[in-house]
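Trainee: Mind looking over this structure? Questions follow.
Quick note: the coordinates plus some simple rules give every number you see, no bench work behind them. This is a predicted model, so every value here is computed, not measured. Glycine also receives a Cβ, built like all others from the backbone with ideal geometry; neighbour counts cover every protein chain displayed.
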Amino acid sequence: MSRETYDAVRSLTVELCRPLALEDYVIQSAPECSPAKWHLAHTTWFFENFLLTPLLPSYRPFHPQYGYLFNSYYETVGTFFPRPMRGLLSRPTVEDVYRYRAHVDEHMAQLLARLDAERDTETAFRVTLGLHHEQQHQELLLTDIKNLLALNPLRPAYRAVPHEVSVKIDPLTWLEFPAGVHAVGAQSDGFAFDNEMPRHRVLLERCALASRPVSNGEYLEFMRAGGYRDAALWLSDGWRKVNEAGWQAPLYWEQIDGEWWHMTLSGFQRVDPHAPVCHVSYYEADAFARWAGKRLPTEFEWEALAASVPVEGNLLESGRLQPAAASNASHQLFGDVWEWTSSAYSPYPGFKPQSGSLGEYNGKFMVSQLVLRGGSCATPRSHIRASYRNFFYPADRWQFMGLRLAS
Ligand SMILES: [Fe+2]
């Protein structure tokens, strides 16, 4: 684990905050979202709590109550401030939080300078985990800012990205693979979360996955065909949600004079029919697939296909910050949108959570959520891989979530 890698990840978080006004840092637009200020502090707390306090003898915490304010959900570490109230904290100030980051970075530099990663594999692993954790929060920071700016009638852009002429996409084709036993889960080389392990075998029937994600244009056909009004297309929980929430389109969509527009991180834009549809819940993805006479892939079908594909695509580094149309040849398995799968977020056979408090990182969430695969336009390139399992509740829509059909 090098100092350069640590500095690169930590400074990217700060870089992502650069377009924000001071006021943007503080507001929490929904209970599931967090203020940018909280993301900046919580990722810092992770290094303080899991590395500096236990492992650097000279270290003194920056503030005695920051552990309470910036612990997210680690019950074995201590109590924590209620999540839905994170946006009510005007103190510590943004400036205080940046000073907290500088304090922790300075001491992490000392710890990294002493670290013999070959011998102290546990510490090296925790540093790497802290950086992957921070990368997860880089994506959340962007999706939470999008949620915040989208509710503002001024429709502010987070960062104006030059408008690109859309690529006209080809009709869907199908990528078939034969029935057989496939190995899934993390390979032994490189970092992986505990929820990707152990690697194990699964039996897959013959199946076919679509050559690209479902586009906005295809999703508009579903909407125009009355998809949101036909109970027969929906799971019972989904139909209840459609009616309770009044869903008629993906999150952030708005119809003006018969045309669909949507809020993006570059401001309010006309919906590009060729780009992958985004900000749909599992329920909407499932209803679309049923309407299309297809289904959603399982996470293992997705992984079996993605394992042979290079990890490249419209990821955070492209700078687009929204899903984009691409040629059929790229398949868009990585980047653009996280793809809902029909797989429950459950432990793999033989799953063992990490020991100690870090065992709370993933394992305790393995109920009532579904797995999404492939990363999005807000996922850092070095953070995603074929075995990566993201997970959200079926009604969630604020992440860059889309779908790919299977048959
Ligand atoms: Fe976290």
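Trainee: Just for the Cα atoms in the chain, what are the lengths along the principal axes, largest first, rounded to whole Å?
Mentor: 65, 53, 38
Trainee: A follow-up question, please. Tell me, how many Å apart are the Cα centres for segment 329-407 and for segment 145-168?
Mentor: The two parts, judged by their Cα centres, are 25 Å apart.
Trainee: Which one of LEU140, ALA186, LEU204 has its Cα pushed farthest toward the positive end of the charge dipole of segment 114-206, where Lys and Arg give +1 and Asp and Glu give -1 at the Cβ?
Mentor: So the residue we want is LEU140.
Trainee: Only Lys, Arg, Asp and Glu count, each charged at its Cβ (+1, +1, -1, -1), so figure out the dipole size of segment 198-280 about its Cα centre, rounded to 20 debye.
Mentor: Working: 9 positive and 10 negative charges, 104 e Å.
Its charge dipole is roughly 500 debye.
Trainee: Over 32 Å between Cα atoms, which of LYS37/LYS364; LYS241/LYS294; LYS37/LYS294; LYS146/LYS352; LYS37/LYS168 qualify? Could the numbers behind the result be given before it?
Mentor: Numbers: LYS37/LYS364 26 Å; LYS241/LYS294 22 Å; LYS37/LYS294 42 Å; LYS146/LYS352 35 Å; LYS37/LYS168 39 Å.
Among LYS37/LYS364; LYS241/LYS294; LYS37/LYS294; LYS146/LYS352; LYS37/LYS168, the Cα-Cα distance tops 32 Å for LYS37/LYS294; LYS146/LYS352; LYS37/LYS168.
Trainee: Of the candidates SER342, SER72, SER236, which one comes out as most mobile in a Gaussian network treatment of the chain with C-alpha springs shorter than 10 Å?
Mentor: Among SER342, SER72, SER236, the largest GNM mean-square fluctuation belongs to SER236.
Trainee: Between the DSSP loop rule and a limit of at most 16 other Cβ atoms within 10 Å, which trypsin sites (Lys or Arg not before Pro) in segment 129-186 are left? All intermediate terms of the calculation are to be shown ahead of the outcome.
Mentor: Working: sites: LYS146, ARG159, LYS168; in loops: ARG159, LYS168.
Here the sparse-neighbourhood loop sites are ARG159, LYS168.
Trainee: Here's a follow-up. Specify the residue with the greatest mean-square fluctuation among PRO82, PRO394, PRO198, computed from a Gaussian network of the chain linking alpha-carbon atoms under 10 Å apart.
Mentor: In this elastic network of the chain, the residue with the biggest mean-square fluctuation among PRO82, PRO394, PRO198 is PRO82.
Trainee: How charged is the neighbourhood of TYR348? Take every other residue with its Cβ under 14 Å from the Cβ of TYR348, and add Lys/Arg as +1 and Asp/Glu as -1. Show your work: numbers first, answer last.
Mentor: Numbers: positive: ARG199, ARG201, LYS352, ARG389; negative: ASP194, GLU196, GLU299, GLU303.
The answer is 0.
Trainee: A follow-up question, please. When the dipole is taken about the Cα centre of segment 10-150, and only Lys, Arg (+1) and Asp, Glu (-1) are charged at their Cβ, what size is it in debye, to the nearest 20? Don't jump to the answer; show the numbers that get you there.
Mentor: Numbers: 13 positive and 17 negative charges, 53 e Å.
Around 260 debye, computed over segment 10-150.
Trainee: Turning to a different aspect of this structure: Report, in order of residue number, the helices in the chain meeting two criteria: a C-alpha extent of 24 Å or more along the helix axis, and a mean Kyte-Doolittle hydropathy of at least -0.5; treat each whole DSSP H run as one helix. Intermediate values should be presented prior to the final figure.
Mentor: Values: long enough: 94-114 (31 Å, -0.60); 121-150 (43 Å, -0.25).
Membrane-span-like by this rule: 121-150.
Trainee: Taking segment 37-123, which GluC sites (Glu not before Pro) meet the DSSP loop condition and have no more than 11 other C-beta atoms within 10 Å?
Mentor: Those that pass, being in a loop and sparsely packed, are GLU75, GLU118.
Trainee: Here's another thing I want to ask about it. Dipole magnitude of the chain about its Cα centre, charges +1 at Lys/Arg Cβ and -1 at Asp/Glu Cβ only, in debye to the nearest 20?
Mentor: Values: 38 positive and 46 negative charges, 65 e Å.
I would put it at about 320 debye.
Trainee: Rank SER58, GLY78, MET108 by how far each Cα sits towards the positive end of the charge dipole of segment 1-121 (+1 on Lys, Arg Cβ; -1 on Asp, Glu Cβ) and give me just the farthest.
Mentor: GLY78
Trainee: Tally Lys and Arg at +1 and Asp and Glu at -1 over the other residues with C-beta under 10 Å from the C-beta of PHE288: what net charge comes out?
Mentor: On the way: positive: ARG290, LYS294; negative: GLU218, GLU221, GLU284, ASP286.
Neighbourhood net charge equals -2.
Trainee: Counting Lys and Arg as +1 and Asp and Glu as -1, what is the net charge of the other residues whose Cβ lies under 15 Å from the Cβ of ASP189? List each step's numbers first, then the result.
Mentor: Details: positive: ARG199, ARG385; negative: GLU196.
Value of the local net charge: +1.
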